[in-house]
Amino acid sequence: MNGGTRQRNLLIFLGVLLLVVAWRYLRPAPGGEAPAVPAPSGAVDEEGGPARRPPPAAGPERRGAKKGDRVAVLRMADLDRVPPGSTVGRDPWRFVDPPPPPPPKPHVPTAAELKAMEEERQRQEAAARAAAEAAAIEAAKPKPPEFTMQYLGDFGPPNRKIAVFTDGKKIYNSLEGDVIDNKFIVAHIGYESVDIRYVNFPEVPAKRLGVGHH
């Protein structure tokens, strides 16, 4: 609540308090009658006695200040003063985004977690070293030469087929078991295919070529 709102509320409360005080001191006395006022000298009533004036009409009772009554003094400067230790409340007509939540505390790994992490790191390093060594060994092994000739097909009787190859410059006609260029063996002539093996690498599986491929 700001200073203007607090001052307005205090003025409203003061006005209500003044209305209550005025009603209390100016209202007519409940019940009873006003004291009789003597009639003018020489007036008599119906029984021959001295007449009395009728009581005055009922009206608002007025009471004066009594001894010991305390009059409150309103000091306007006090309306704008904020009591010490009080805080200003939130303005309901002002929308403010709430502050973001605090970031979570970082997790501190335990001794067991640190040990497991170190073991996992060592395991990955050992696996990487083993893979690198295997790749180096495989790369150091001798490889059979690449067969680059194109297979053109075959001709001849079924029991004596002749495979036809070309390197782009020369034509090679080979039976099964023939050696080409001292490197390649025509291992088998099939239906529109031929199997090629290697002279110096008998353990390497045969390479099958289709017609038009090399």
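Readers should treat all values here as calculations from the given coordinates under stated rules, not as data from a laboratory. Keep in mind that this is a model prediction, so the values were computed, not measured. Here the Cβ positions follow ideal geometry from the backbone for every residue, glycine too, while neighbour counts run over all protein chains shown.
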Query raised in the report: With the Cα gyration tensor of the range 150-210 giving a ≥ b ≥ c as the square roots of its eigenvalues, does the rule (a/c under 1.5 for rounded; else a/b larger than b/c for prolate; else oblate) give rounded, prolate or oblate?
Result: oblate
Query raised in the report: Can you sort V73, V194, V164 by how many other beta carbons sit within 10 Å, fewest first?
Result: V73, V164, V194
Query raised in the report: Any idea what the relative contact order of the range 150-210 is, in percent, if you count C-alpha pairs under 8 Å spaced at least 6 apart?
Result: 22
Requested in this report: Please turn the phi angles of the range 155-170 into ³J(HN,Hα) values with the Karplus equation 6.51 cos²θ - 1.76 cosθ + 1.60 (θ = phi - 60°), one per residue in order, whole Hz, x for glycine and proline.
Outcome: 8, x, x, x, 8, 8, 6, 10, 8, 10, 10, 8, 9, x, 10, 9
Query - Lys, Arg +1 and Asp, Glu -1 on Cβ, resulting dipole of the range 150-210 about Cα centre, debye, nearest 20 - result: 100
Report task. Calculate one ³J(HN,Hα) per residue across the range 193-205 by plugging θ = phi - 60° into the Karplus curve 6.51 cos²θ - 1.76 cosθ + 1.60, and present them in order as whole Hz with x for glycine and proline. Result -> 7, 8, 9, 10, 10, 10, 5, 8, 9, x, 7, 7, x
Query - Residues with amide H under 5 Å from that of H188, placed H, sequence gap 5 or more - result: D195
Report task. Counting other beta carbons within 10 Å of each Cβ, put Y151, Y191, Y198 in order, fewest first. Result -> Y191, Y198, Y151
